[in-house]
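The values are calculated or read from the model by the stated rules, or taken from the named source; none is laboratory data. All figures in this text were calculated on a predicted structure; none of them were measured in a lab. Cβ placement follows ideal geometry from the backbone for every residue including glycine, while neighbour counts extend to all protein chains displayed. Protein only, heavy atoms only, side chains kept; ligands, DNA and RNA dropped before computing areas. Shrake-Rupley method; radii C 1.70, N 1.55, O 1.52, S 1.80 Å.
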Amino acid sequence: MTQPRGAPLEVIAQSLRRERERVGLSLSEVAKRAGIAKSTLSQLESASGNPSVETLWALSVALDVPLSRLVEPARPRVQVIRAGEGPAVFSERANYVATLLASCPPNARRDIYLITAEPGAARESDPHMPGVVEHVVLCAGRARIGLTEDPVEVAPGDYVAYPGDVEHVFEALAPGTAAVMVSEHW
């Protein structure tokens, strides 16, 4: 009888690294939780070794994922949010709308927003939690963006990053101003 072909070691290696990083655990901690040697886990993450089903089950329990997530190749996930859709939050003090495009998945540290704004009152933001950095690419219009004390004027295609844990501002200078903002949490 021929032995059935197992899951490709490279798929298992990539899956183990991805899932371990997703939960934010070290090699040592995952190995300890799974009851296996750290060297065994290190070998598996480097696509060497020959994992048994028992080892993979123990790792899936330690990582709190189904076994299938460790042996099946990751499939690309396509997400589409059409213009005008998505959860929108409106400013009380400015003609400014932040539409959430992608929230932060577990153990990632970013949210993505579509910002639309019109000239008039600036959107002044209080400091966010420590370590937040906001990245903005202006798509249309013109705006003054950045630290409240010293904002930068930007045009379509310009990129600006600034600490979000201090007072900051987004002021539309032209009708139809739009930007993509990534809020990065440290």
Tally of residues being in a loop (DSSP other than H, G, I, E, B) and open to solvent by 60 Å² or more (accessible area, probe 1.4 Å) across the range 131-147 | 1
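One line per residue, one yes/no per condition, for (1) under 23 Å from the mean Cα position of the chain (by Cα); (2) not hydrophobic (A, V, I, L, M, F, W, C):
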residue: Leu114; (1), (2): yes, no
residue: Ser125; (1), (2): yes, yes
residue: His135; (1), (2): yes, yes
residue: Pro151; (1), (2): no, yes
residue: Tyr159; (1), (2): yes, yes
residue: Glu167; (1), (2): no, yes
Condition set at pLDDT 80 or above, aliphatic (A, V, I, L, M) and not in a strand (DSSP E or B), scope the range 104-124, selection least open to solvent (accessible area, probe 1.4 Å): answer is Ala122
Within the range 148-186, track down each residue that is under 19 Å from His128 (Cβ atoms), out of contact with any Leu (no Cβ under 7 Å at 6 or more places or on another chain), in a strand (DSSP E or B) and open to solvent by less than 40 Å² (accessible area, probe 1.4 Å).
-> Val160, Val169, Phe170, Met181, Ser183
Subset of the range 53-69 [over 17 Å from Leu9 (Cα atoms) and in a loop (DSSP other than H, G, I, E, B)] | Asp64, Val65, Pro66
Can you tell me which residues in the range 69-87 are open to solvent by less than 90 Å² (accessible area, probe 1.4 Å) and either modelled with pLDDT of 80 or more or of a type in the set (Asp, Glu) (or both)?
-> Leu70, Val71, Pro87
Identify, from the list Pro66, Pro51, Pro4, the residue that is within 26 Å of Arg109 (Cα to Cα) and at pLDDT below 90.
-> Pro66
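This table checks each residue for (1) of a type in the set (Asp, Glu); (2) exposed (fewer than 14 other Cβ atoms within 10 Å of the Cβ).
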site: Gly24; (1), (2): no, yes
site: Glu29; (1), (2): yes, no
site: Gly35; (1), (2): no, yes
site: Lys38; (1), (2): no, no
site: Glu45; (1), (2): yes, no
site: Pro51; (1), (2): no, no
site: Glu54; (1), (2): yes, yes
